[in-house]
Structures are given as structure tokens and as C-alpha cells.
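Written out below as C-alpha cells is the structure these notes cover.
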Amino acid sequence: MLVGSNFIGAERRTSEQKFRATDAATGKPLEPDFSEATADDVAAACLAARDAQKVFGSLALAARAAFLRLAADKIDALGDTLTMRAMQESGLPEARLKGERGRTVGQLRLFADEIEQGEWQQLRIDHAQTGTTPPKPDLRLRMIPLGPVAVFGASNFPLAFSVAGGDTASAFAAGCCVVVKGHPAHPGTSELVAGAIAEAVAECGLPAGVFSLVNGTSNALGEMLVKDPRIAAVGFTGSRAGGLALMKHAAGRPVPIPVYAEMSSINPVVLMPGRLEEAAEQLGQAYVGSLSLGAGQFCTNPGIVLAVAGDALDRFIQAAGETLKDVAAQTMLTAGIRRAFEEHTAALGKLPGAKLIGMGAEGSSACGRARVYTVGGNEFLAEPGFAAEVFGPSSIVIRCADLEQMTGILEGLEGQLTATLHMNEADHAEAEKFISILEQLAGRILANGWPTGVDVTHAMVHGGPFPATSDGRSTSVGTMAIGRFLRPVSYQDMPEALLPIALREGSCGVPRRVDGKLAI
Ligand SMILES: NC(=O)C1=CN([C@@H]2O[C@H](COP(=O)(O)OP(=O)(O)OC[C@H]3O[C@@H](n4cnc5c(N)ncnc54)[C@H](O)[C@@H]3O)[C@@H](O)[C@H]2O)C=CC1
Ligand SMILES: O=C(O)CCC(=O)C(=O)O
């Protein structure tokens, strides 16, 4: 049963000020009342995290991995209770949320394996060289946890990017304690997941401050958390305005800290002429499937499509328009997100040159109605508003004059999470020229696919240059995400007995660079 309290380490705290979740489909408030975390709660959570950090950060890797696996099992065991609450709070359908639970627990288990493999420690040993002038010291390097991480749960993935989502999993994997600021749209879902993590913390005999959850609706709460001196890094997925505000708070601290914010992206999709000619209708149908997935509430939503104007593009647009008619309206995450979607699409429709080519079926006032616009390449270039993210099931097809104009448009875009090329073999010579442009533009380049849906693997990059993220050198999905919460330490001429075990002489079972060469 939900209690509505904050998780301050082992303590369950309530406060005077309450808020409620809203049923996304009906707009009605849901039981129970949730307590807004106070300044004292935030400070206590951060203090507990700081106190737990030493033990958690130096835990044997197998013990850290066991904790992640137990947390995954416990989240799995929440079963339908979790799915039903998340459905009510987010309006997302059952199958999607079951899939998201699978992704969340799979992610925790993948990070458990990653911890044990140990490569993330980047162990390096350069033996002393006494015969050189000057003599070289003995140097040994490993990565250590940064310290407690503040994680902001995202509204659009109430499980996989929230309390036990990618930021939390990668921070735990790095050996960092976590204080989550739950998203106010799904506090019940957050409480259920937090309960599972807290049980895993207790059953593994870890200090309770390894994990806390603070809930609330105010920006002040997030600001306090980011400014708390015990917090060493921030993970965030959400709006550009929110991410920028957190970056500012972090940079303005007496001790600035890194913020890994995943913000806005319009994910350009390029249709090369050869492929468009042979598969215009099929591409138009698949495009609508991708842009309307999850009511378009993916940061990987294909927001713009670029192709050279002509008969093949007309066929693509025709097919997209026809397919749109069959897209059912879907409940959006919150009334605010739906309102923003209506406002942004209304403004988009009024931009010079914008033409609405079709809409999905109409739904209730909680739903987003899918839509696609077209615009000419010249008009797109003349109006920066076309390149702004619209969060929801909306997209624009750009009728480019030629491939040169398409190149110019791509070169003028802001940083993106993804960029996609649809092509056949006849297109390869031209497509090759685009790849170096897309490498500069985005964190992930797709061939003949659609950008929605991010696999959680070792080679995934879910990141990209600003403003897709605040730091394009990282990823928030996949095992490389662990690197965001680590920093290197080098030990010079340290006596063997005082070195971390992994850096002592003899094999440690983990790959190391010894005198520049890979060794086990
Ligand atoms: N690109 C993307 O992946 C996403 C974009 N969005 C965009 O964000 C809009 C609002 O959706 P939300 O999910 O609520 O995102 P949001 O960015 O408004 O909020 C996310 C979290 O950050 C906190 N926060 C926001 N601004 C803050 C500030 N100035 N100081 C301290 N904390 C702050 C909020 O309390 C919440 O916990 C959407 O309409 C959409 O435009 C939302 C989700 C994902
Ligand atoms: O496409 C996905 O699976 C993840 C998208 C994402 O990170 C987001 O919408 O915030």
C-alpha cells in the first residue's frame, strides 16, 4: 500500500505540505497524499548519502553487483501493482509499461555484470624505470566513484528513466550513492520502486544512505538538491529549460559539479533519393509509426524528415497522411505536457510556409492528436522556429531543393541525440558525404531504421552535442554511462601493501594496461 512518504535513507518522513498524482486519462486526483520534501529532508538525504559513500564506494565488486541484482528482482516482483499504478499516473499502455519494467530490470542486471567484469576501472600500471634520465616513477591508475549523485526522474519513462532508471543504475554501478528527486507526475510509481531499492539496500546489509527519494512539485526542491555540497554530480532527463536551470545551479556552487542533462532533440531523418524512389509508401507508413509511438513523448522522436522535393517525396507524404488517419489519439503524460503540445503545434502551424498534411484521430481532452507538417527548404532555413523541439506526436517534412540544400540544413542544426539515413546501395556514394556531417551533429547515426527505442547495450550512445545533452562526451544509456560518475586517481611510487588490490602485482582477473600493453 502507498504511504506517500519520502525515503530519507532508512527513515520514512512525511511533511505538512501535500500533493497528489493525477490520473492522466481522467484528470482526477489519485490517492494517497504525498509529502513535499522539506529543506531538512533534502539535507538529511544528502548527509546520509555522504556518510554511506565510503562504505558503498569501496564495496567488493561482487557485493555491489549482488545489490543491483537484488534490486532488479524486487522491482520485477512488484508485478502488476507497479504496472497498474504507472498506467494510471502516466496514461501509458500496459504493454509499454511491462516492456519498460523489463528494460529497467534488464538494465540493472547488465550493470551488475559490467561491475564484475571490471574494465570500467581502466586499470593501468606503468612500472618504474630507473635506467632512464630522469628516472620514471611507478604510476598506477584506476577510476573511483565521484560521490553521491542527484538523479531527476523523467516524466516520459516512469520506470526506465526514473527512480531505478539508467542514471540510478549507472551511478550505483560506479559506486555512487543516489538521491532521487522523483518526478511529481508519478509519485506512486516512484514510491513502489523506491521501496524495492530500499529493501535491497537493507537485505544486502548496506548503509541506508546508499539510496534516498525526495518528492515534490517545486523547482526549489531540485535546486536545493543540486546545490547541496554533498552532491557530486547530477543526472537529468527532461525539458531544456529544466536542464539549463540545473546546469546553472551546479556551475554557480562554490564547488561546481558536472550535470549530465538529456534535454531536447529533433532527430533528423534523411531520405536519400534512391531509397525514397523505391520505398516511398513503406517509409511514409513507418515514419508515422515512429513519430506517434508513446504519443510521441520520446526524446528520440523523428521531429524532422529531409528529402529532395519531387514525385517520390509526394508519394511519401501521401502515404504518411493516409496512415495518420488511423492513428488513435493517445493519452499524454500530464495536462501540462498536453497543453504545451497544443501550444507548440499551433505556433508551428502558423510559421510561414508550414502546411498541415494530416492528423490522427481525435480523442479526449487528455489526448494528443498526431500530426505532420511540410515546409520548403528555403522557408525552413528562414525561420528558426521550425527547428525547435515539439514534445509529442508531431513532425515536419522538409522539401529540400537538392542535396546541397539538405546539407546546408543539416549543418545548421543544433546538437542531436540521433540522425538517420534511409538509403539503398545506389545512394551510398552520396550518403558517405553525409556521415561526417552527422558525426558532428549527433550521438547515434542510424541506417534504415527509426530513432525511437534505445537498446541498452555496451555500444549504445544515447547522448549528443548540446542541447541534446549538456555534455556530448557521454551517454545516459548503455554500460558506458558508468563513466559519467567516475574520476581517475593515479598512485605514484605507492608501497605495494597500500595500493588498491586491483593495482598490485600479479593478475587481478581484470584486463589492465601494463607498461602500455593489455594484460589480464
Ligand atoms: N527531451 C526530452 O527527453 C523530454 C522533454 N520534455 C519536455 O519538458 C516539458 C515538461 O515536462 P517534464 O517532464 O515535467 O520536464 P521538466 O524539465 O519540466 O521537469 C523534470 C524534472 O526537473 C525538475 N525541474 C524542472 N525545472 C527545474 C528548475 N528550474 N529547477 C529545479 N528543478 C527543475 C522538475 O521538478 C522535474 O522533477 C515537456 O512538455 C517537454 O517539452 C519532457 C520529458 C522528456
Ligand atoms: O527512445 C528511447 O527508448 C528513450 C528515449 C528517451 O531517452 C526519452 O524519451 O527521454
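What number of residues in segment 461-498 are closer than 17 Å to Ala171 by Cα and within 16 Å of ligand 1 (Cβ to nearest atom)?
9
Going by the conditions given, is Ala37 touching an Asp or Glu at 6+ places or on another chain (Cβ under 7 Å), part of a loop (DSSP other than H, G, I, E, B) and touching a residue at least 12 places away in the same chain (Cβ under 8 Å)? Quick ask: steps written out before the conclusion?
Details: touching an Asp or Glu at 6+ places or on another chain (Cβ under 7 Å): no; part of a loop (DSSP other than H, G, I, E, B): yes; touching a residue at least 12 places away in the same chain (Cβ under 8 Å): yes.
The answer is no for Ala37.
May I ask you to say which residue of Glu100, Glu89 is closer than 20 Å to Ala169 by Cβ, in the same structural domain as Asp228 (by TED's automatic domain parsing) and of a type in the set (Asp, Glu)?
Values: Glu89 fails: closer than 20 Å to Ala169 by Cβ.
Just one listed residue meets the conditions, Glu100.
Could you list, in sequence order, the residues of segment 441-465 that are among the small types (Gly, Ala, Ser), within 12 Å of ligand 2 (Cβ to nearest atom) and crowded, with 17+ Cβ neighbours inside 10 Å?
Hits for segment 441-465 are Gly443, Gly463, Gly464.
Restricted to segment 301-321, and to residues that are crowded, with 24+ Cβ neighbours inside 10 Å and closer than 16 Å to Ala370 by Cα, which residue is nearest to the chain's Cα centre (by Cα)?
Asn301
Can you find, within segment 145-160, the residue that is surrounded by the most Cβ atoms within 10 Å (Cβ to Cβ) among those that are in contact with an Asp or Glu (Cβ under 6 Å, 6 or more places away or on another chain) and part of a loop (DSSP other than H, G, I, E, B)? So that I can check it myself, show each step before the final result.
Applying the first criterion (in contact with an Asp or Glu (Cβ under 6 Å, 6 or more places away or on another chain)) to segment 145-160 yields 151, 159-160.
Imposing the further condition that a residue be part of a loop (DSSP other than H, G, I, E, B) reduces the set to 159-160.
Values: Leu159: 33, Ala160: 25.
Per the criteria, the residue is Leu159.
Scan (1) among the hydroxyl-bearing types (Ser, Thr, Tyr); (2) without any contact (Cβ under 8 Å) to a residue 40 or more places away in the chain; (3) in contact with a Cys (Cβ under 6 Å, 6 or more places away or on another chain) for the single condition Thr331 breaks and write down its number.
Evaluating Thr331 over (1) among the hydroxyl-bearing types (Ser, Thr, Tyr); (2) without any contact (Cβ under 8 Å) to a residue 40 or more places away in the chain; (3) in contact with a Cys (Cβ under 6 Å, 6 or more places away or on another chain) leaves (2) as the failure.
Test each condition in (1) at pLDDT 95 or above; (2) under 24 Å from the mean Cα position of the chain (by Cα) for Met406 and report the one that comes out false.
(2)
Please specify each residue of segment 358-378 satisfying the condition of being part of a strand (DSSP E or B) and within 15 Å of Gly303 (Cβ to Cβ). Explain how you work it out, then say what you get.
As a first pass, look at segment 358-378 and keep what is part of a strand (DSSP E or B): 358-359, 367-368, 371-376.
If the condition is that a residue be part of a strand (DSSP E or B) and within 15 Å of Gly303 (Cβ to Cβ), then Gly368, Arg371, Val372, Tyr373, Thr374, Val375 are the ones that fit.
Looking only at segment 184-206, which residues are of a type in the set (Val, Ile, Thr), within 16 Å of Gly165 (Cα to Cα) and touching a strand residue (DSSP E or B) at 6+ places or on another chain (Cβ under 6 Å)?
Applying the first criterion (of a type in the set (Val, Ile, Thr)) to segment 184-206 yields 189, 193, 197, 201.
Next, from what is left, pick out any that are within 16 Å of Gly165 (Cα to Cα): 189, 193, 197.
Scanning segment 184-206 gives a single hit, Ile197.
Does Glu404 satisfy the condition of being assigned to a helix (DSSP H, G or I), more than 15 Å from ligand 1 (Cβ to nearest atom) and farther than 30 Å from Asp471 by Cβ? Even if it seems obvious, please write down each step before you answer.
Values: assigned to a helix (DSSP H, G or I): yes; more than 15 Å from ligand 1 (Cβ to nearest atom): yes; farther than 30 Å from Asp471 by Cβ: yes.
Spelling it out, Glu404 is indeed assigned to a helix (DSSP H, G or I), more than 15 Å from ligand 1 (Cβ to nearest atom) and farther than 30 Å from Asp471 by Cβ.
Are any of the residues in segment 35-53 of a type in the set (Ser, Thr, Tyr) and in contact with a strand residue (DSSP E or B) (Cβ under 7 Å, 6 or more places away or on another chain)? Steps first, answer last, please.
First pass over segment 35-53, keeping only residues of a type in the set (Ser, Thr, Tyr): 35, 38.
Still in the list and also in contact with a strand residue (DSSP E or B) (Cβ under 7 Å, 6 or more places away or on another chain): 35.
Yes, there is a match, as at least one residue in segment 35-53 is of a type in the set (Ser, Thr, Tyr) and in contact with a strand residue (DSSP E or B) (Cβ under 7 Å, 6 or more places away or on another chain).
Condition check ((1) among the charged types (D, E, K, R); (2) more than 21 Å from the chain's Cα centre (by Cα); (3) in a helix (DSSP H, G or I)) across all residues:
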| residue | (1), (2), (3) |
| --- | --- |
| Ala66 | no, yes, yes |
| Ala71 | no, no, yes |
| Met84 | no, yes, yes |
| Gly99 | no, no, yes |
| Trp120 | no, no, yes |
| Thr132 | no, yes, no |
| Met143 | no, yes, no |
| Val163 | no, no, no |
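Criterion first (within 16 Å of ligand 2 (Cβ to nearest atom), in a helix (DSSP H, G or I), of a type in the set (Lys, Arg) and at pLDDT 95 or above) does Arg484 satisfy it?
Details: within 16 Å of ligand 2 (Cβ to nearest atom): yes; in a helix (DSSP H, G or I): yes; of a type in the set (Lys, Arg): yes; at pLDDT 95 or above: yes.
Yes: the conditions hold for Arg484.
Mind listing just one residue for me: the one in segment 240-269 that is among the β-branched types (Val, Ile, Thr) and over 18 Å from the mean Cα position of the chain (by Cα) and, of those, nearest to ligand 2 (Cβ to nearest atom)?
First, the residues of segment 240-269 that are among the β-branched types (Val, Ile, Thr): 255, 257, 259, 266, 269.
In the following step, the residues that additionally are over 18 Å from the mean Cα position of the chain (by Cα) were identified as 255, 257, 269.
On the way: Val255: 29, Ile257: 22, Val269: 14 Å.
The qualifying residue nearest to ligand 2 (Cβ to nearest atom) is Val269.
Output the number of residues of segment 180-209 satisfying the condition of being farther than 19 Å from Gln53 by Cα and within 16 Å of ligand 1 (Cβ to nearest atom). Walk me through how you get there before you give the answer.
Let us first name the residues in segment 180-209 that are farther than 19 Å from Gln53 by Cα, namely 182-193, 195-196.
The next check asks that each one be within 16 Å of ligand 1 (Cβ to nearest atom); those that pass are 182-191, 193.
Summing the residues that are farther than 19 Å from Gln53 by Cα and within 16 Å of ligand 1 (Cβ to nearest atom) in segment 180-209 gives 11.
The values are calculated or read from the model by the stated rules, or taken from the named source; none is laboratory data. Here the structure is a predicted model, which is why all the values come from computation and not from measurement. Heads up, the Cβs are rebuilt from the backbone with ideal geometry, glycines too, and the neighbour counts pull from every protein chain shown.
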